[in-house]
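Quick notes on the structure that follows.
The values are calculated or read from the model by the stated rules, or taken from the named source; none is laboratory data. What you see is a predicted model; the values in this text were computed from it and never measured. Using ideal geometry, Cβ is built from the backbone for each residue, glycine included, and neighbour counts are taken over all protein chains shown. Please note that ligands, DNA and RNA were not included when accessible areas were found on the heavy atoms of the full protein model with its side chains. Shrake-Rupley method; radii C 1.70, N 1.55, O 1.52, S 1.80 Å.
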Amino acid sequence: MNADLLSGLRGRNVLITGGGRGLGYEMALALAAVGANVAVTAARSAAELAQVADEAGALPGGGRFLTLQSDVIDSDQCCETVAAVISRFGSLDVLINNAGRGLKSVNPDYVENPIPFWKAPTEGWFEIVQTNILGVFNMSRPAAAHMVEKGYGKIINISTSDITMVRRAYSPYGPSKAFLEAASRSWAEDLAGTGVTVNVFLPGGATDTAILPDMASKRGSDGNLLDPKIMRGPVLWLCSNAADNHTGGRYIARLWDDSLPPNAAAAGARDVCHEKPGIM
């Protein structure tokens, strides 16, 4: 990674929701390793937060690391979380909305034994929608207000592959991410000229995380499985000054080429922009 890019990340203040495991865990450690000040949240598991804090503390980056028990579906907790990060670090530069609930909330065996939406439990539906849609809004609202006031900031929303949004038996998880991407594009327009950017970031396929069901051979619906570490390189660029003028984009980690200079790798990982998105 470019030395100038990395030097700009030292002291950058980043909040990652759902940072105790999976994609959030990998992004948190990548940023901590280059000296960013990183805060991570988890709704339920204090043990996961303790583990990621221990691992971040062993890294040579030298940044500060903060863990917070916070559930994104609670708007008051989100406001308190943003305020705590600002109090500890002095400001908030980057919000990574990574916390999410997957299809296991409605069907623990959704890959091998999919069920149609009318057989899904109401409670699971509500949990996914509340976390993946309302949760992102709840955390972004106070974060964006702070960023607009200071004239700088980045919101990065973690999404999923477009085929997942319309895949059979993947409702409401897939459609919740379609909503997230539409909201992200709208928010990028709302924030134009404020110094605050909004981008979408996704692995580009199923990853080896707890979002997948427990099965003998872990895999996504396409039969493939990505290492969650693929998020590390791209997230450094997205959080850096190099991405300051990039907004309303959709970046796919699977397409990131580490052999290229960061800006070239980012261009290759950016999805094609559609002036009028289509679902049906």
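A few notes on this one:
- If you filter the stretch 110-136 down to residues that are over 12 Å from S176 (Cβ atoms) and of a type in the set (A, V, I, L, M, F, W, C), you find that the one that is farthest from the chain's Cα centre (by Cα) is W118.
- Residues of the stretch 126-136 that turn out to be polar (S, T, N, Q) and open to solvent by 30 Å² or more (accessible area, probe 1.4 Å), as a count: 1
- From M139, M147, residue being out of contact with any helix residue (DSSP H, G or I) (no Cβ under 9 Å at 6 or more places or on another chain), in a helix (DSSP H, G or I), surrounded by 23 or more Cβ atoms within 10 Å (Cβ to Cβ) and of a type outside the set (G, A, S): M147
- Residues that are under 21 Å from R101 (Cβ atoms) and at pLDDT 95 or above occur in the stretch 213-232; there is at least one.
- Annotation: G205 fulfils all but one of (1) among the small types (G, A, S); (2) open to solvent by 30 Å² or more (accessible area, probe 1.4 Å); (3) at pLDDT below 95; the unmet one is (2).
- Some residue of the stretch 111-131 being out of contact with any Phe, Trp or Tyr (no Cβ under 8 Å at 6 or more places or on another chain), over 19 Å from N13 (Cβ atoms), among the small types (G, A, S) and free of Cβ contacts under 8 Å to residues at least 60 places away in the same chain: yes
- Condition check for T160: more than 30 Å from L260 (Cα to Cα), in a loop (DSSP other than H, G, I, E, B), of a type in the set (V, I, T) and open to solvent by 10 Å² or more (accessible area, probe 1.4 Å): no
- Test: I252 is buried (at least 20 other Cβ atoms within 10 Å of the Cβ), over 30 Å from V148 (Cα atoms) and not charged (D, E, K, R): no
- Only one of the numbered conditions (1) over 26 Å from S186 (Cβ atoms); (2) at pLDDT 95 or above; (3) under 20 Å from the mean Cα position of the chain (by Cα) is not met by A56, and that is (2).
- Qualifying helices (runs of 4 or more DSSP H) (wholly inside the stretch 171-280; at least 3 residues being under 21 Å from G18 (Cα atoms) and either touching a residue at least 12 places away in the same chain (Cβ under 8 Å) or touching a Cys at 6+ places or on another chain (Cβ under 9 Å) (or both)): 173-190, 232-239
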